[in-house]
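Please treat every number below as a calculation from the coordinates, not as lab data. Bear in mind that the values here come from a model prediction, so they are computed numbers and not experimental data. So basically every Cβ, Gly included, is an ideal-geometry build from the backbone, and we count neighbours across all protein chains shown.
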Amino acid sequence: MKVLRYLIRKLLRLVLLLFTISVLSFTLVSLSPIDPVQAYVGAEMMRIGPEQRQRIAERWGLNDPPVVRYMRWLSSLMRGDLGTSAIYNQPVSQVIRQRFLTSLGLMGTAWVLSGVLGFLLGVLSGARAGSWIDQVIRFYAYLLASTPAFWLALLLLIVFAVFLKWAPVCCATPPGLLPEQVTFAQRLHHLALPALTLSIIGIANITLHTRQKLITILNSDYILFARAQGENLFGLIWHHGLRNIALPAITLQFASISELFGGSVLAEQVFAYPGLGQATVQAGLRGDVPLLLGIVLFSTLFVFTGNTIADILYHLIDPRIRLGVES
């Protein structure tokens, strides 16, 4: 019952959050200087006349006031219809599903790598605080924490794809091949460099927070007592430190989903990776309001779910923490 009440409260918060996000997003898009008709037509804009322009505007309901368009979109959303994408001429739900499946492998790989490597480096740095290993790890973490994702993506692309030719320059699969013709090895080959870019940046926060938490624990009174009883460093970390440093690490890792999604937008643009991030940029640049709103709502739901899972895992790891208190 406790978990059920907690999930109900979370669900109510989610509904309010999605409504607020949709209103703000629609307002910002409506105030955008981008002409949706011109963005839709593109380079052929000079070849169409006023009548064709009027028909396109009527087709997508662009002549109606913003409030009317929003209420129409909200009414369709309540029926489970996210609308039709002007760019891809497909249902928004279908575009999001196809693009998200492509991005899921990229974000999932980077998320796991950044969490595992960041935690291990943080433990190693904290256990050897003050040593040359600690200094190297901290320099690496501080350097990457201040590195823009797009700059690192461009740098890795130039080094590994252009100069060394170890990785492909673009795309999620080899160009010219049908999906059923692409092998698993080829998908991994195209996935490696974008995933490496995202994971490298995500390591920094986990490493620094885990290091500081472990140093605090190792300097506590009960650790000094355990040392006096002959416990070695490995035993201290294994028996007394892991549970305490795992809690903030889990929270940070799930909270980093929003940063991971934002980083994937930039990485997918640099590597021309056809995922949800690239679709977000295209929807914004070309004024595709239904697709942009659909992606915004989906990403909000995605991040909110990650934070909720973090809260539940927090409680499972340490039952002394009550659900709903830490959130």
Legend entry - Size of electric dipole in the range 186-327: Cβ of Lys, Arg +1 and of Asp, Glu -1, about Cα centre, debye, nearest 20: 160
Legend entry - Highest to lowest packing among 217-228, 82-93, scored as the average C-beta count within 10 Å: 82-93, 217-228
Legend entry - the range 92-317: relative contact order in percent, alpha carbon pairs under 8 Å with at least 6 residues between: 31
Legend entry - Built amide H within the under 5 Å cut-off of Thr84, gap 5+: Val92
Inset, instruction - Can you tell me which of 186-193, 251-258 comes out highest on packing, and rank the rest after it, using the mean Cβ neighbours within 10 Å? - result: 251-258, 186-193
Legend entry - Burial ranking of peptide ranges 135-142, 171-178 (average Cβ count within 10 Å, highest at the top): 135-142, 171-178
Inset, instruction - Alpha carbons only, please: Rg and Dmax for the chain, in angstrom. - result: 24.0, 87
Inset, instruction - Could you give the size of the charge dipole of the chain about its Cα centre, using +1 on the Cβ of each K and R and -1 on the Cβ of each D and E, expressed in debye and rounded to the nearest 20? - result: 520
